[in-house]
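Report on the following structure.
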Amino acid sequence: MSALTKAKIIEYMDGTKRLQIEDRLVVTPLINPFESFDAVSINVRLGNEFIIMKKQSFPILDISEKEELSNQIEKYQEKIRIDYGDKFVLHPHQLIIGSTLEYISLPKTLMCYVVGKSSWGRMGLIIATATKVDPGFRGSITLEIINEGEVPIVLYPGIPIAQLVFHETIGKAGYDGTYGYATGPQFPDFSKNYEKWEFWYKKIN
């Protein structure tokens, strides 16, 4: 599968060539279009909302406890907002959930991968996201961000944090996940997986 070049990405975003909005790639806002595009990708920026892990201990987080799982997650995580211009200090081995500043809309003939920027990677900052974004997805992309280095890293909302690499699909596909239309990071949702997982944890137990 070949990656789209800058020219092809721009063609997908061109409203004069793709008259129907559902056939068009939308990435907004493009704050500085001249810096947004690399040879085969679009750079995306860090949003200003984060889900952080609360510093308190829990005996276990068990996905088989369907009725209690949502309450457990709310006790374990909380969402905060940072003003643009303010900093967020990510400590070594700390995990946070962020999102792209940009809102993305993919046509049903296009998917993308989220790839961390090498300059951040060399500092130990890992974008450990679910890297595949399905055709038809609309929303800000949630990013799992972890500092694997040995020193705290300062993050600022609005900085370039990752890049999107696009691929055309053979045929059309639609997004049927649980995280569509988000405008910030999303708490984990295991509801679609219960039926698939139930057999395994019941069999084990």
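The values are calculated or read from the model by the stated rules, or taken from the named source; none is laboratory data. What you see is a predicted model, and the numbers here were worked out from it, not measured in a lab. All Cβ positions, glycine included, derive from the backbone under ideal geometry; neighbour counts span all protein chains shown.
Which ones in region 159-182 are modelled with pLDDT under 80 and touching a Phe, Trp or Tyr at 6+ places or on another chain (Cβ under 7 Å)? Once the filter is applied, which keeps residues that are modelled with pLDDT under 80 and touching a Phe, Trp or Tyr at 6+ places or on another chain (Cβ under 7 Å), region 159-182 yields Tyr175, Gly180.
Note on region 1-13: residues that are more than 19 Å from Lys132 (Cβ to Cβ) and either surrounded by fewer than 11 Cβ atoms within 10 Å (Cβ to Cβ) or not acidic (Asp, Glu) (or both) amount to 6. If you go through region 31-60 and keep only what is within 19 Å of Lys117 (Cα to Cα), surrounded by 15 or more Cβ atoms within 10 Å (Cβ to Cβ) and either modelled with pLDDT under 90 or in contact with a Ser or Thr (Cβ under 8 Å, 6 or more places away or on another chain) (or both), you end up with Val40, Ile42, Asn43, Val44, Arg45, Leu46, Gly47.
Here Pro107 passes the criteria (1) over 15 Å from the mean Cα position of the chain (by Cα); (2) assigned to a loop (DSSP other than H, G, I, E, B); (3) more than 22 Å from Val40 (Cα to Cα); (4) touching a residue at least 60 places away in the same chain (Cβ under 8 Å) except the one numbered (3).
Restricting attention to region 1-23 and to residues that are at pLDDT 95 or above and part of a loop (DSSP other than H, G, I, E, B), the residue that is nearest to Tyr113 (Cα to Cα) turns out to be Leu4.
Apart from one condition, Gly136 fits all of (1) buried (at least 19 other Cβ atoms within 10 Å of the Cβ); (2) more than 20 Å from Met53 (Cα to Cα); (3) in contact (Cβ under 8 Å) with a residue 40 or more places away in the chain; the exception is (3).
Given the structure, is Gly85 surrounded by fewer than 13 Cβ atoms within 10 Å (Cβ to Cβ), at pLDDT 90 or above and either among the small types (Gly, Ala, Ser) or out of contact with any strand residue (DSSP E or B) (no Cβ under 6 Å at 6 or more places or on another chain) (or both)? Break it down into steps so the answer makes sense when it comes.
Numbers: surrounded by fewer than 13 Cβ atoms within 10 Å (Cβ to Cβ): yes; at pLDDT 90 or above: yes; either among the small types (Gly, Ala, Ser) or out of contact with any strand residue (DSSP E or B) (no Cβ under 6 Å at 6 or more places or on another chain) (or both): yes.
Yes.
Only a single criterion out of (1) in a loop (DSSP other than H, G, I, E, B); (2) over 18 Å from Thr28 (Cβ atoms); (3) modelled with pLDDT under 80 is not satisfied by Glu198, namely (1).
In this structure, does Ile63 turn out to be closer than 21 Å to Ala182 by Cβ, at pLDDT below 95 and not acidic (Asp, Glu)? Step through it out loud before you land on a result.
On the way: closer than 21 Å to Ala182 by Cβ: no; at pLDDT below 95: yes; not acidic (Asp, Glu): yes.
The answer is no for Ile63.
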